[in-house]
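Since the structure comes first, as structure tokens, the remarks are kept for the end.
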Amino acid sequence: MFKFIQQKNEKTNYIVGGDWSELKKTWDKYNKAIDDHNSDKIEQYANKINRLQEKLGIKKTDFS
């Protein structure tokens, strides 16, 4: 019988897919916060977007 052995440093597709989903939802919330002119939420979501992008290996977004 074959046994699937996953490397400890390798992420499962389920986790990576969840991170992409969370990133999309956070971008949606960020854009809504911009529409509502809510600077506290804008900063909160910008930080979360950068954390998720770093986790996924994507270049960070410059929100300046």
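Tabulated values for the structure
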read-out: Selection status of Lys32, at pLDDT 95 or above, out of contact with any His (no Cβ under 9 Å at 6 or more places or on another chain) and open to solvent by 70 Å² or more (accessible area, probe 1.4 Å); value: yes
read-out: Of residues in region 36-49 being without any contact (Cβ under 8 Å) to a residue 12 or more places away in the chain and part of a helix (DSSP H, G or I), the one surrounded by the fewest Cβ atoms within 10 Å (Cβ to Cβ); value: Asp40
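The values are calculated or read from the model by the stated rules, or taken from the named source; none is laboratory data. All of these numbers come straight from a predicted model, not from anything done at the bench. Ideal geometry is used to build each Cβ from the backbone, glycine not excepted, and the neighbour counts take in all protein chains shown. Each accessible area value is taken on the protein alone, full model and side chains, heavy atoms only, with ligands, DNA and RNA left out. Shrake-Rupley method; radii C 1.70, N 1.55, O 1.52, S 1.80 Å.
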